[in-house]
Amino acid sequence: MSKLSVTQTQTVMQVQNPLPAHIGFVMDGNGRWATGRNKKRSEGHKAGVKNMQAVVEHCFALGIGCVSVFAFSTENWERPVEEREGLFDLVREYLKRLLGDVNKLKKDNIKIEFMGDLSPFAEQHQDILDGIGEVRQACADCDGGVFNIAINYGGRQEIVAAANNAVLIGKQLSQQDFEKLLYTKRCPPLDMMVRTGGQMRLSNFMLYQVAYAELFFEETLWPDFDKQKLDEVLKKFAQRQRNFGKV
Ligand code: IPE
Ligand code: IPE
Ligand code: MG
């Protein structure tokens, strides 16, 4: 992982104690960000990807071990084809950027995972599947953190897929064993979930993992949710009293 600069170290001092081990983001509000600026929605998604990179980098620099982001839901197929295909083009660009510097990927030492049902991409977007495979391969030995990017992801779909795999195993599973069948098998449960864009709902994101997460619903639209805003939310997280059912 990259070394912390002095300013980043100071930020760490301000926000930590405790930091979440696993943080999730529902990156909502790209469309409204764009239309509010008389831009096309696609411009909002582009700004959203740029912001994702900055925020996620900041999370890992602070020392958060697992970061999960909601990029495309199982329900987002219902969007106009043009918007959908635009989003897939952004995935292509992102993969290309990652694979353009495999040495950096290895040096950053973050395992990048794409979680969701990737099977529909085989029909028309095989190049995306190939790119994901190459990124997986490049990150195979990375163990400094996990970055889960949820694409064609739905919490219900994830739980049903895990249940079906459990049936194939053919015996009753403990909670711990069941969690090994989820996309997040390398991560602890979510400590914290942030949704930008003002809506107070989960929209089918990480329904299992969110069970005891601290929830933050922020009015800020995703492209404007910068490092400072994240630090503020992390401070609030550190002040929350978590009981886990105890007194
Ligand atoms: C979230 O932003 C990104 C995706 C769902 C891909 P939206 O596109 O939902 O933005 P709003 O909610 O319409 O502003
Ligand atoms: C959730 O946002 C999905 C992503 C951020 C990828 P949506 O904009 O799709 O959620 P709803 O439809 O408002 O619930
Ligand atoms: Mg939305």
_Being surrounded by 15 or more Cβ atoms within 10 Å (Cβ to Cβ) and not aromatic (Phe, Trp, Tyr): is that true of Arg136 here?_
no
*Tell me, please, whether a residue that is surrounded by fewer than 17 Cβ atoms within 10 Å (Cβ to Cβ), of a type outside the set (D, E, K, R) and either more than 16 Å from ligand 2 (Cβ to nearest atom) or on the phi > 0 side of the Ramachandran plot (or both) can be found in region 180-188.*
yes
*Within region 216-230, is even one residue more than 16 Å from ligand 3 (Cβ to nearest atom), crowded, with 18+ Cβ neighbours inside 10 Å and either among the aliphatic types (A, V, I, L, M) or farther than 14 Å from Val26 by Cα (or both)?*
yes
_Looking at Val81, Val91 in this structure, which one is crowded, with 18+ Cβ neighbours inside 10 Å and at pLDDT 95 or above?_
Val91
_Residue that is surrounded by the most Cβ atoms within 10 Å (Cβ to Cβ) [pool: residues in region 48-76 that are over 13 Å from the mean Cα position of the chain (by Cα) and within 14 Å of ligand 3 (Cβ to nearest atom)]_ = Asn76
*asked:* Can you go through Lys39, Lys3 and tell me which one is charged (D, E, K, R), over 24 Å from Met206 (Cα atoms) and at pLDDT below 95?
replied: Lys3
*Taking region 24-75 only, how many residues are more than 8 Å from ligand 1 (Cβ to nearest atom), hydroxyl-bearing (Ser, Thr, Tyr) and part of a helix (DSSP H, G or I)?*
1
*asked:* Looking at region 194-204 only, could you name the residues that are crowded, with 17+ Cβ neighbours inside 10 Å, over 21 Å from Leu19 (Cβ atoms) and within 12 Å of ligand 3 (Cβ to nearest atom)?
replied: Gly197
_Can you list residue pairs whose Cβ atoms sit under 6 Å apart, with the first residue in region 223-246 being farther than 12 Å from Ala54 by Cα and the second being assigned to a helix (DSSP H, G or I) and hydrophobic (A, V, I, L, M, F, W, C)? Count only pairs 6 or more apart in sequence or on different chains._
Asp231/Val15; Leu234/Val15; Lys235/Val15
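The values are calculated or read from the model by the stated rules, or taken from the named source; none is laboratory data. Everything numeric here is computed off the predicted structure, so don't read it as measured data. Because the Cβ atoms are built from the backbone with ideal geometry, glycine has one as well, and the counts that use them run over all protein chains shown.
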